[in-house]
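Peer 1: First the structure, then my questions, so here it is.
The values are calculated or read from the model by the stated rules, or taken from the named source; none is laboratory data. None of the values given here were measured: they were computed from a predicted structure. Cβ atoms come from the backbone with ideal geometry, glycine included; neighbour counts cover every protein chain shown.
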Number of protein chains: 2
Amino acid sequence: MEANVADAAEAERTQVKVDLGARSYDIKIGRGVMDAAGAEIAAVLPGARLAVVVDETVAKLHQKAFSESLNAAGLEHTVLTVPSGESSKCFREFERLCDEVLAARLERGDGIVALGGGVVGDLTGFVASAVRRGMSFVQVPTTLLAQVDSSVGGKTGINARHGKNLIGAFHQPALVLADTAILDTLPIRDFRAGYAEVAKYGLLGDEPFFRWLEANWKAVFAGGPERDQAVARSCQAKADVVAADELEAGRRALLNLGHTFGHALEAAVSYETERVVHGEGVSIGMMLAHEFSEKLQLIDEVTVARVQKHLTDVGLPVSLKDVPGQLPPAETFMDIIAQDKKVSRGALTFILTRGVGEAFVEKGVDPALVSDFLKEKLET
Amino acid sequence: MEANVADAAEAERTQVKVDLGARSYDIKIGRGVMDAAGAEIAAVLPGARLAVVVDETVAKLHQKAFSESLNAAGLEHTVLTVPSGESSKCFREFERLCDEVLAARLERGDGIVALGGGVVGDLTGFVASAVRRGMSFVQVPTTLLAQVDSSVGGKTGINARHGKNLIGAFHQPALVLADTAILDTLPIRDFRAGYAEVAKYGLLGDEPFFRWLEANWKAVFAGGPERDQAVARSCQAKADVVAADELEAGRRALLNLGHTFGHALEAAVSYETERVVHGEGVSIGMMLAHEFSEKLQLIDEVTVARVQKHLTDVGLPVSLKDVPGQLPPAETFMDIIAQDKKVSRGALTFILTRGVGEAFVEKGVDPALVSDFLKEKLET
């Protein structure tokens, strides 16, 4: 009987390999993969001692089961809790966690596990990159956003006074466990926000996937096998781009579709998540990228309308007007964009598109055009 | 006439290439190479804007000339000063410099220059690794120690409460400029401390170089062409090891000859530099490594005496008894060694030797043997 149950569980799993030579690793996706976390981690880090970093919210829901799974696999571990929310991605938490990992006497062959959403993953990854100049790192993302985006690709980091994610490292995990059943308890707003990144993969380079999402998004939200498929296809899309361009020299910039506008919007509301969370910023940013592409006569209004319909269908905001409260003037947005790290020597880099699935990197965008476009969007 | 002067200057320069594939870079060594810093940096980072990090002491001596050289090459730059001394290798300075680099609006293709000794190089390199997840980095080491050791190999970092260099990154520079004339103004104690690392390269793998040093050390101290040769041969030795093992998986550990004991000693005196500076710790540590190797019957007393004579000749300390003030008991040393990052899963890793130039990595050293050895050394 047990064999059958195990087989069934195995059958439900999907695996995506991120191919980076000696630093290759697997993303294991499916309902319940977290229950086997101990065995999975022991397989990639045999004999390691662990520090598990978790935020307060996730700790309440999942810490106990997670620790039991580690104990069952004989993995000695220390649990380090961080406050929930973006404000934990700061120098102070970075320092505190580095100190605590050292206080736990973890050695170079030991590992650090991030159990949580993007904030915990980014912060913990940077800690893992820096302690002893690099320790093994495992991601157990508990939000859709983290499963399809931040846990894949090795970008880690914290925020600075001058902007988000401006301090960090490229540090690849040894393993990612994406348990799609965990998403059942995710607030709908957070699920939608993560879905914006899922839709992004279709929009940037995979029209058939976007079409599939238009037909199947309700099942993805409901938690059927379609959810696993959507997560796996998103991870695969990101993994392919990352494998081709690990350090973001070129093609990887495509993943920033919607992000330059999105980040600027998040900064413009001082990262007040009551007004805009990251995925919502990406949704609005993707709409702006399409509208800007239309203004540059790269796509027509039919394409813009198609994108807008799908994002609206799933309940995502699609316009700066959807953001509650007053927004700053276009000049403030331009200032933020100029400080964004996707800028190179004064010329603005944007991800534009020639159609659904046909995004491209444009490095020589005239700031005046962007400024005029934003003024229109903020006025109307 | 000018061509002749330039030729003469060119003739005096030695160049060592650190071969790391796409991340390869040159170390340019010689009297006066800093005068051409602007042109050299412009050649590797054309059009870059720079942040120059310098400590207060070096700023007084060299900042003006350095800035003029950058200006002459048309390199726009911001100067960021840090307090002199090891205490600058801390989280607070790391955060402050990251913020200041961002405030200066440096972009991803821009560069960060470390002008100073090992402290400035290690700290600045970590900042360069982290801001925007990696900016270009140039080292202009102004101490012998930094020229032959810390500026080569890409190890960067800061100190933690639990020990030195426990937080950092591997981040290779794009260029290293080692001006050997600058060392004329270095205090003799600092020159000697750096010389300990020079001697180390002979001891760990190059008996002919150690023999050459025994014959030529006075000229190295005096500043003749022998100094350039000693710096170049040291850089080459380190570059060869680093090229073979960039991330310290194996052979690179040889460079830690004398460092496990040395670091423990530095920590045991709470990094009070009036008592022990790093190079002095390395000198005593190298002696202890040889004496411990003798205790393990790997070398004879003649070899130990030969090493001791040379280190004593140049004026370096060779025994724990040479450290002013009282030292803690062996247990404290063992505790520090256990927390050292060269430890792997409880077994102690030491660099031992079978003779001058024949050091090797021993991963399975019994802690009890080390403890007994240290007790002897602390008592006698």
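Peer 1: From the residues in segment A:345-361 that are at pLDDT 90 or above and buried (at least 18 other Cβ atoms within 10 Å of the Cβ), which one is farthest from the other protein chains (Cβ to nearest Cβ)?
Peer 2: Per the stated criteria, the residue is A:VAL356.
Peer 1: If you don't mind, there's one more thing I want to ask. Look at segment B:198-208 and say how many of its residues are part of a helix (DSSP H, G or I) and surrounded by fewer than 23 Cβ atoms within 10 Å (Cβ to Cβ).
Peer 2: Of the residues in segment B:198-208, 3 are part of a helix (DSSP H, G or I) and surrounded by fewer than 23 Cβ atoms within 10 Å (Cβ to Cβ).
Peer 1: Pick from segment A:276-297 the residues that are crowded, with 18+ Cβ neighbours inside 10 Å and outside any helix (DSSP H, G or I): which of them is nearest to the chain's Cα centre (by Cα)?
Peer 2: Top of the filtered list is A:VAL277.
Peer 1: May I pose another question? Evaluate segment B:304-323: report whether one residue or more is in a loop (DSSP other than H, G, I, E, B), in the same structural domain as B:ASN216 (by TED's automatic domain parsing), at positive phi and without any contact (Cβ under 8 Å) to a residue 40 or more places away in the chain.
Peer 2: Taking every residue of segment B:304-323 in turn, none turns out to be in a loop (DSSP other than H, G, I, E, B), in the same structural domain as B:ASN216 (by TED's automatic domain parsing), at positive phi and without any contact (Cβ under 8 Å) to a residue 40 or more places away in the chain.
Peer 1: Do we have any residue at all in segment B:158-173 that's among the aliphatic types (A, V, I, L, M) and more than 10 Å from every other protein chain (Cβ to nearest Cβ)?
Peer 2: No: zero hits.
Peer 1: Taking segment A:254-270, which residues are surrounded by fewer than 24 Cβ atoms within 10 Å (Cβ to Cβ) and either of a type in the set (D, E, K, R) or outside any helix (DSSP H, G or I) (or both)?
Peer 2: If the condition is that a residue be surrounded by fewer than 24 Cβ atoms within 10 Å (Cβ to Cβ) and either of a type in the set (D, E, K, R) or outside any helix (DSSP H, G or I) (or both), then A:VAL269, A:SER270 are the ones that fit.
Peer 1: Could you pull out the residue among B:LYS17, B:LYS64 that is more than 14 Å from chain A (Cβ to nearest Cβ), at pLDDT 95 or above and on the phi < 0 side of the Ramachandran plot?
Peer 2: Every option except B:LYS64 fails the conditions.
Peer 1: Quick one: would you say B:ALA338 is of a type in the set (Gly, Ala, Ser), assigned to a helix (DSSP H, G or I) and surrounded by fewer than 17 Cβ atoms within 10 Å (Cβ to Cβ)?
Peer 2: yes
Peer 1: For the list (1) under 15 Å from the mean Cα position of the chain (by Cα); (2) not assigned by TED's automatic domain parsing to the domain that holds A:LEU50, I need the number of the one condition that A:LEU177 fails.
Peer 2: Tallying (1) under 15 Å from the mean Cα position of the chain (by Cα); (2) not assigned by TED's automatic domain parsing to the domain that holds A:LEU50, A:LEU177 fails exactly one: (2).
Residues checked against (1) outside the structural domain of B:ASP35 (by TED's automatic domain parsing); (2) of a type in the set (A, V, I, L, M); (3) within 22 Å of B:VAL119 (Cα to Cα); (4) outside any helix (DSSP H, G or I):
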| site | (1), (2), (3), (4) |
| --- | --- |
| B:ALA193 | yes, yes, yes, no |
| B:ALA196 | yes, yes, yes, no |
| B:GLU226 | yes, no, no, no |
| B:LYS238 | yes, no, yes, no |
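Peer 1: Sticking with this structure for a sec: Criterion first (at pLDDT below 95 and not assigned by TED's automatic domain parsing to the domain that holds A:ALA37) does A:GLY205 satisfy it?
Peer 2: Yes: the conditions hold for A:GLY205.
Peer 1: Which of the residues that make up segment B:219-245 are within 15 Å of B:VAL314 (Cβ to Cβ) and surrounded by fewer than 23 Cβ atoms within 10 Å (Cβ to Cβ)? Let's see the steps before the verdict.
Peer 2: Filtering segment B:219-245 for residues within 15 Å of B:VAL314 (Cβ to Cβ) gives B:219-223, B:226-227, B:230, B:234.
Residues satisfying the conditions are B:ALA219, B:PHE221, B:ALA222, B:GLY223, B:GLU226.
Peer 1: Can you run down the residue pairs with Cβ atoms below 7 Å, 6 or more apart or on separate chains, where the first is in segment B:43-61 and closer than 14 Å to B:LEU177 by Cβ and the partner is of a type in the set (Val, Ile, Thr) and part of a loop (DSSP other than H, G, I, E, B)?
Peer 2: B:VAL58/B:THR142
Peer 1: Inside segment A:180-189, can you point out the residues that are surrounded by fewer than 22 Cβ atoms within 10 Å (Cβ to Cβ) and either under 14 Å from the mean Cα position of the chain (by Cα) or within 28 Å of A:VAL323 (Cα to Cα) (or both)?
Peer 2: Within segment A:180-189, A:ASP184, A:THR185, A:LEU186, A:PRO187, A:ILE188, A:ARG189 qualify.
Peer 1: Also, quick follow-up: Considering every residue within segment A:154-168, establish whether at least one is over 19 Å from A:SER67 (Cα atoms), of a type in the set (D, E, K, R), under 19 Å from the mean Cα position of the chain (by Cα) and modelled with pLDDT of 95 or more.
Peer 2: There is no residue in segment A:154-168 that is over 19 Å from A:SER67 (Cα atoms), of a type in the set (D, E, K, R), under 19 Å from the mean Cα position of the chain (by Cα) and modelled with pLDDT of 95 or more.
Peer 1: Answer yes or no as to whether A:VAL113 is out of contact with any Gly (no Cβ under 9 Å at 6 or more places or on another chain), assigned to a strand (DSSP E or B), within 30 Å of B:LEU348 (Cβ to Cβ) and assigned by TED's automatic domain parsing to the domain that holds A:ASP55.
Peer 2: For A:VAL113, the condition - out of contact with any Gly (no Cβ under 9 Å at 6 or more places or on another chain), assigned to a strand (DSSP E or B), within 30 Å of B:LEU348 (Cβ to Cβ) and assigned by TED's automatic domain parsing to the domain that holds A:ASP55 - is met.
Peer 1: I'd like the full set of residues that are under 18 Å from the mean Cα position of the chain (by Cα) and either aromatic (Phe, Trp, Tyr) or more than 13 Å from chain B (Cβ to nearest Cβ) (or both), limited to segment A:92-122. Let's see the steps before the verdict.
Peer 2: So in segment A:92-122, the residues under 18 Å from the mean Cα position of the chain (by Cα) come out as A:113-122.
Across segment A:92-122, the qualifying residues are A:VAL113, A:ALA114, A:LEU115, A:GLY116, A:GLY117, A:GLY118, A:VAL119, A:VAL120, A:GLY121.
Peer 1: Can you pull out every residue in segment A:122-155 that is assigned to a helix (DSSP H, G or I) and of a type in the set (A, V, I, L, M, F, W, C)? Even if it seems obvious, please write down each step before you answer.
Peer 2: Of the residues in segment A:122-155, the ones assigned to a helix (DSSP H, G or I) are A:122-130, A:144-150.
Selection gives A:LEU123, A:PHE126, A:VAL127, A:ALA128, A:ALA130, A:LEU144, A:LEU145, A:ALA146, A:VAL148.
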